[in-house]
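**Student:** Got a structure here, written out as structure tokens. Questions coming.
None of the figures in this text is laboratory data; all of them are computed from the coordinates on show. On a predicted model such as this, the values are computed, not experimentally measured, just so you know. All Cβ positions, even for glycine, are placed from backbone atoms using ideal geometry, and neighbour counts span all protein chains on display.
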């Protein structure tokens, strides 16, 4: 990895002076402190940093789940920071997929039915079976979450997010509850989603080794961007060593 630049792509996100403060007065917590960055469309980006560095706060604002205190965020030609709650809801439904550390699957529904929850409200979704095939679960369509391993449950969660054909996929510690081998398989699925669908994939993690699979690595500390690096030769997820 080195600091540098590839042929520039259009930014999916352009962030300028982004600040987020929780609370007021002496109890105020400055989660983001004037963040400036671009996230190019179609890249796989890793946000690195310790707990409390501001990574998840940034994801919540980029994903339309929270509002900034100050600053500006543009998503292509739209200004997210100027949207009201109804507009942000439409943005999330239309353009954004989320994958979290915990799978949030409905235990009474099969893998196929969990994915169908999203396809029923999306405007141009993938067929649930097609989405599950993308994450390698063709043989597990009719299994319930309790019949699936942790890695398989996370892949169902990824399929559910991908089925709506999101422009951007946000993943907050997607391997945090998994062992190393299973974690690698989930990261490989995210690489495949990026290359096969063209979605911008943003992975939040504290595992520094994950940086090797990214196009771009954004290193966070104390609510600020400490460094942005570009991988000239990224590796496959299977090659990552924790």
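**Student:** Starting from residues that are crowded, with 18+ Cβ neighbours inside 10 Å and in contact (Cβ under 8 Å) with a residue 40 or more places away in the chain, keep the ones in the range 120-148 and report whichever is nearest to residue 196 (Cα to Cα).
**Tutor:** Looking at residues that are crowded, with 18+ Cβ neighbours inside 10 Å and in contact (Cβ under 8 Å) with a residue 40 or more places away in the chain, I get 134.
**Student:** Is it the case, given these coordinates, that residue 152 is surrounded by fewer than 16 Cβ atoms within 10 Å (Cβ to Cβ), out of contact with any strand residue (DSSP E or B) (no Cβ under 7 Å at 6 or more places or on another chain) and assigned to a helix (DSSP H, G or I)?
**Tutor:** Judged against the criteria, residue 152 is not a match.
**Student:** Given 205, 167, which one is touching a residue at least 60 places away in the same chain (Cβ under 8 Å), closer than 23 Å to residue 38 by Cβ and surrounded by fewer than 20 Cβ atoms within 10 Å (Cβ to Cβ)?
**Tutor:** 167 is the lone residue from the list that is touching a residue at least 60 places away in the same chain (Cβ under 8 Å), closer than 23 Å to residue 38 by Cβ and surrounded by fewer than 20 Cβ atoms within 10 Å (Cβ to Cβ).
To keep it simple, each residue is scored yes or no on (1) part of a loop (DSSP other than H, G, I, E, B); (2) under 20 Å from the mean Cα position of the chain (by Cα); (3) closer than 14 Å to residue 12 by Cβ.
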{"site": "45", "(1), (2), (3)": "no, yes, yes"}
{"site": "50", "(1), (2), (3)": "yes, yes, no"}
{"site": "57", "(1), (2), (3)": "no, yes, no"}
{"site": "122", "(1), (2), (3)": "yes, yes, no"}
{"site": "126", "(1), (2), (3)": "yes, yes, no"}
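**Student:** Filtering the range 13-43 down to residues that are in a loop (DSSP other than H, G, I, E, B) and over 15 Å from the mean Cα position of the chain (by Cα), which residue is surrounded by the most Cβ atoms within 10 Å (Cβ to Cβ)?
**Tutor:** It comes out as 28.
**Student:** For residue 212, only one of the following conditions fails: (1) surrounded by 15 or more Cβ atoms within 10 Å (Cβ to Cβ); (2) over 15 Å from the mean Cα position of the chain (by Cα); (3) under 27 Å from residue 21 (Cα atoms). What is its number?
**Tutor:** (3)
**Student:** Any residue at all in the range 177-195 that's under 14 Å from the mean Cα position of the chain (by Cα), crowded, with 17+ Cβ neighbours inside 10 Å, at negative phi and part of a loop (DSSP other than H, G, I, E, B)?
**Tutor:** Within the range 177-195, none of the residues are under 14 Å from the mean Cα position of the chain (by Cα), crowded, with 17+ Cβ neighbours inside 10 Å, at negative phi and part of a loop (DSSP other than H, G, I, E, B).
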